[in-house]
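The values are calculated or read from the model by the stated rules, or taken from the named source; none is laboratory data. What you see is a predicted model; the values in this text were computed from it and never measured. When we count neighbours, we look across all protein chains shown, and the Cβ atoms used for this are built from the backbone with ideal geometry, even at glycine. Quick note on the areas: whole protein, heavy atoms, side chains included, nothing else; ligands and nucleic acids left out. Shrake-Rupley method; radii C 1.70, N 1.55, O 1.52, S 1.80 Å.
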Amino acid sequence: MNTRTTGGKRRGTLAALAAVGLVAAGYGTAVGVTPEPATGTDRPASVSSDASAADVSAVDDYESTLKLSDGGQVTVRLVADKGVQERHRAAGATTWSGWKTLYKTATDRCQGVELAETNGTVSLIADFGLYCSDGEPPTESVAGVAQGDLADWDIDITEDFDGWEDTSINDDGSRVLFLYNSDSGLYTLGWEQSEGFGKISKP
């Protein structure tokens with residue numbers, strides 16, 4: 001099962017051709033990478049086609065909670081002058097874990113936080129920038145992946161980059177691909193369960 005939530009403004013969706021290529025390469029369904037109908041705002045749809053509205057919620061543009069396929073939940077928030085923080089709780093639990101800082105920064109929050117999950121693998125996307133509150137592009141793009149009890153996260157930071165737009169998680173959750181479709185072509189960043197993050201592939 002794939003679930004997804006977007007707590008902020010993403011810059012659009014990727015080309016359908018990229019989605020076809022990712023499926024062929026074994027990266028699952030590439031949820032959200034095909035064009036979506038315009039909604040009158042620049043915030044894309046919050047859930048994938050197989051996730052109900054009850055699976056996702058956003059407190060504001062900088063905090064999102066995702067209901068996981070096993071019934072657990074994870075919340076990620078972007079905190080001014082602190083960075084990215086995460087908490088989670090298992091299915092049936094009444095209490096959350098304490099907030100854990102995944103990435104520290106004092107720069108401005110950009111574009112919110114996006115979460116997705118397939119088969120127990122959770123991905124996150126977040127962005128920060130020196131003058132994002134004034135409309136400048138991100139200067140720190142955060143990609144994150146966690147599995148299982150979500151106690152440990154792999155975090156990758158790309159500097160001076162416009163920010164990852166989407167993720168594609170393969171069906172067994174062992175691989176995640178972060179995607180950004182620029183005017184010059186498709187940028188990707190891969191994560192594998194056995195190796196962690198690799199290097200960015202540029203067009």
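In region 65-117, of all residues being in contact with a Ser or Thr (Cβ under 9 Å, 6 or more places away or on another chain) and of a type in the set (S, T, N, Q), the one that is farthest from residue 175 (Cα to Cα) corresponds to 107. Condition check for residue 66 on (1) outside any loop (DSSP other than H, G, I, E, B); (2) hydrophobic (A, V, I, L, M, F, W, C); (3) under 28 Å from residue 134 (Cβ atoms): one failure, at (3).
Could you grab me the full set of residues in region 141-165 that are among the acidic types (Asp, Glu) and either part of a loop (DSSP other than H, G, I, E, B) or out of contact with any strand residue (DSSP E or B) (no Cβ under 7 Å at 6 or more places or on another chain) (or both)? 149, 152, 160, 162, 165, listed by residue number. Checking each residue in region 141-180 for being charged (D, E, K, R) and open to solvent by less than 60 Å² (accessible area, probe 1.4 Å) picks out 156, 165, 166. For region 67-111, a residue qualifies if it is in contact with a strand residue (DSSP E or B) (Cβ under 7 Å, 6 or more places away or on another chain), aliphatic (A, V, I, L, M), over 16 Å from residue 143 (Cβ atoms) and open to solvent by less than 50 Å² (accessible area, probe 1.4 Å), and the qualifying residues are 68, 79. Just one of the listed residues (74, 47, 122, 79) is within 25 Å of residue 189 (Cβ to Cβ), in contact with a His (Cβ under 6 Å, 6 or more places away or on another chain) and either modelled with pLDDT under 95 or not acidic (Asp, Glu) (or both), namely 74.
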